Amino acid sequence: MTLGDMGMNTTMGGTAPAGAQMMLQATPVSVPAGQVSFVVDNRGWRTHELIILPLDAGAGAGQRTVGADGKVTEDGALGEASTSCGNGAGDGITSGSASWVNVTLPAGHYEMVCNLANHYSDGMHQELDVS
Ligand SMILES: [Cu+2]
């Protein structure tokens, strides 16, 4: 899967502005239940991350409430890939590097998000269906 953002460059540090163009794109978006390997390629300028969250029945991607800190709650997270050139959780995937994680997912609906400040509201979310 690919993470990215546009209209920015590496000299623009700090928190991303609301309304920045960002994307989180995964293929495929439906997989069989069991072990799922996520390989996340950050082609954006900014640091990003991938977190897998459960999605309530009937809910869609992008509908979570964003807090004052620009983030969504990570309660119930099933896995995370946020290490530059590494497996699992870390400080974020820097521009141009990749991260990966293997997660065992039962059938259900999930949402893949980037939860750095304002990235979710800027569009970094996608549904993943496991059956
Ligand atoms: Cu991001």
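The values are calculated or read from the model by the stated rules, or taken from the named source; none is laboratory data. Quick caveat: nothing in here was measured; it's all calculated off a predicted structure. Neighbour counts run over all protein chains shown; Cβ positions are idealised from the backbone, glycine included.
Observations on the structure shown:
- Of all residues in region 86-126, exactly one satisfies the criterion of being more than 16 Å from the ligand (Cβ to nearest atom) and under 19 Å from residue 71 (Cβ atoms), namely 110.
- Close pairs from region 30-58: first within 25 Å of residue 91 (Cβ to Cβ) and assigned to a loop (DSSP other than H, G, I, E, B), partner modelled with pLDDT under 90 and of a type in the set (Ser, Thr, Tyr), Cβ under 9 Å, at least 6 apart: 43/2; 44/2; 45/10; 46/10
- The set of residues from region 42-65 being within 13 Å of the ligand (Cβ to nearest atom) and either in contact with a helix residue (DSSP H, G or I) (Cβ under 7 Å, 6 or more places away or on another chain) or of a type in the set (Val, Ile, Thr) (or both) comprises 47, 51.
- Unmet requirement for residue 74, which otherwise passes all of (1) touching a residue at least 60 places away in the same chain (Cβ under 8 Å); (2) not in a strand (DSSP E or B): (1)
- Top-ranked residue in region 81-131 [being of a type in the set (Phe, Trp, Tyr) and assigned to a strand (DSSP E or B); ranked as surrounded by the most Cβ atoms within 10 Å (Cβ to Cβ)]: 110
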